[in-house]
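The structure under discussion appears below in the form of structure tokens.
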Amino acid sequence: MSKMYTGSGRVFQEVSSLPMDEEGLQDMKRRVKIQPHFLGEPLVVVAEAEDFPGICSPGDETMIAIDSIGRTAAVTIAIGTADIDQQTSTLQLAANLSHLSTEEIGRIARNFIDRPANEQLRRLWADMDVEMSDDSVEIASLLAAAFERDAEDFVSLINSSQRIIIAAEGFSSRLVGVIEWLNQHGVNAIGLRYRKFIVGGQDVFFAEQVVPKTDPAEDSPSTERNASTEAVEPWCIKGRVYHAERLNPRLAAVMDDILRITKDTTFSVNWNNKYYFWIRGPRRNLRIRTYSRDKLEIGFYNAAPAAVAEFLEPYDLSGLKVISIGGYSDSPFIVIGPDMRLDDRWQAMLTDWLSGANPGKTRISSRRHEP
């Protein structure tokens, strides 16, 4: 047991950490349905284990959610230490999701909110003016209302890819290995460790990602001055989610593709700026600017515009122009839109830049000062 200060009167209040029990698990599940931000990012829950009787067993604490860029996620909450044997249905469910159409998800969501246990969620959706018929929910309308975007932004994105989110009090080494393997093979899977606290007689839940491991240095400011002045800013706290929320959902998916295809060459990712983030490679850095909702600007740090143009030539990326942006004299940029598809040429170009490879034999000017 520990204690902490609460209120302006500096009164001690006891904070107790307790193991999860079945009653607490059901309470946590109800909260996640109404406020899925508990899981660390914007989500909308649209189904649960009862909607997939051929895959999930009675009593499975599994839900289906959709994130802010239209990806479906199989979400499981477990008591104690989660192991791979307990998560087989979660993996199967994530695979099954890939075969569902938007219309099928809409019908499943309608059945989900029609259950008496989900009456509060049904009223919430009605208050949000979500379009629903007697037998279906208009998923694009639901996402537009939940994430404050235009419905048409989501039409081509819904269920374009699938994710796995497992929340537990701990993780076995076998399950950690499986989650890491899935990520290495292109499946977005994370493990969240949660804790239940009693604060002033009320239950409080806290969750943090522990699998794959995140480097706190990647998400925190690099100087003592920044640590004291910027650490509370939303872009420092939310990282990738902050920038994804700023963008057109299709463009947020492109941003995620950039992070994915450069992963093997990335030394670190720094989120401690409001309008851009850094991808740092072994030899060079990229500044990814998210200032505009409908375009991503990729900056090649520490290079002259002519040198960047020459660097790009061997990759045959037609239509790209190297531009300068006021206030960023150290980074020539290229601009990509929400319909851009990043193929092998893009992966080769971005990873070559980060690793210092130079197929065009370009001379990139070097400076002593890193950002």
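Scanning the range 285-301 for residues that are assigned to a loop (DSSP other than H, G, I, E, B) and crowded, with 20+ Cβ neighbours inside 10 Å, which turns out modelled with the lowest pLDDT?
First, pick out the residues of the range 285-301 that are assigned to a loop (DSSP other than H, G, I, E, B): 290-295, 301.
From the residues that got through so far, the ones that are crowded, with 20+ Cβ neighbours inside 10 Å too are 290, 301.
Values: THR290: 94, TYR301: 89.
Among those that are assigned to a loop (DSSP other than H, G, I, E, B) and crowded, with 20+ Cβ neighbours inside 10 Å, it is TYR301.
Please state which one of PRO216, PRO282, PRO221 is more than 23 Å from PHE147 (Cβ to Cβ) and either at pLDDT 90 or above or open to solvent by less than 60 Å² (accessible area, probe 1.4 Å) (or both). I'd like the intermediate steps shown before the answer.
Values: PRO216 fails: either at pLDDT 90 or above or open to solvent by less than 60 Å² (accessible area, probe 1.4 Å) (or both); PRO282 fails: either at pLDDT 90 or above or open to solvent by less than 60 Å² (accessible area, probe 1.4 Å) (or both).
Result: PRO221 is the single residue among PRO216, PRO282, PRO221 that is more than 23 Å from PHE147 (Cβ to Cβ) and either at pLDDT 90 or above or open to solvent by less than 60 Å² (accessible area, probe 1.4 Å) (or both).
How many of the residues in the range 302-316 are loosely packed, with under 15 Cβ neighbours inside 10 Å and either touching a residue at least 40 places away in the same chain (Cβ under 8 Å) or closer than 21 Å to THR351 by Cβ (or both)?
2
Just one of GLU169, GLU148, GLU138 is over 18 Å from GLY106 (Cα atoms), open to solvent by 40 Å² or more (accessible area, probe 1.4 Å) and in contact with a Gly (Cβ under 7 Å, 6 or more places away or on another chain); which is it? Walk me through it before giving the result.
On the way: GLU148 fails: in contact with a Gly (Cβ under 7 Å, 6 or more places away or on another chain); GLU138 fails: over 18 Å from GLY106 (Cα atoms).
Only one candidate qualifies: GLU169.
What number of residues in the range 42-59 are open to solvent by 20 Å² or more (accessible area, probe 1.4 Å) and either assigned to a loop (DSSP other than H, G, I, E, B) or of a type in the set (A, V, I, L, M, F, W, C) (or both)? Before the answer, list the steps.
Quick first cut of the range 42-59, residues open to solvent by 20 Å² or more (accessible area, probe 1.4 Å) only: 50-51, 53-55, 57-59.
Subsequent filtering for residues that are either assigned to a loop (DSSP other than H, G, I, E, B) or of a type in the set (A, V, I, L, M, F, W, C) (or both) retains 53-55, 57-59.
Number of matching residues: 6.
(1) in contact with an Asp or Glu (Cβ under 6 Å, 6 or more places away or on another chain); (2) exposed (fewer than 15 other Cβ atoms within 10 Å of the Cβ): which one isn't true of ILE108, the others all being true?
Failing condition for ILE108: (2).
Applying the selection to the range 99-121, what residues are of a type in the set (A, V, I, L, M) and not in a helix (DSSP H, G or I)? Walk me through it before giving the result.
Let us first name the residues in the range 99-121 that are of a type in the set (A, V, I, L, M), namely 100, 105, 108-109, 113, 117, 121.
Correct list: LEU100 only.
For SER160, which of the numbered conditions (1) under 21 Å from the mean Cα position of the chain (by Cα); (2) in a helix (DSSP H, G or I); (3) at pLDDT below 90 fails to hold?
(2)
Within the group VAL204, VAL178, which residue is touching a strand residue (DSSP E or B) at 6+ places or on another chain (Cβ under 9 Å) and modelled with pLDDT of 90 or more? Walk me through how you get there before you give the answer.
Values: VAL204 fails: modelled with pLDDT of 90 or more.
Result: VAL178 is the single residue among VAL204, VAL178 that is touching a strand residue (DSSP E or B) at 6+ places or on another chain (Cβ under 9 Å) and modelled with pLDDT of 90 or more.
The values are calculated or read from the model by the stated rules, or taken from the named source; none is laboratory data. None of these values were measured; they are calculated from a predicted model. Counting neighbours? That spans all protein chains shown, and the Cβs are built from the backbone with ideal geometry, glycine included. Just so you know, the surface numbers come from the protein's heavy atoms only, side chains and all, with ligands and any DNA or RNA stripped out. Shrake-Rupley method; radii C 1.70, N 1.55, O 1.52, S 1.80 Å.
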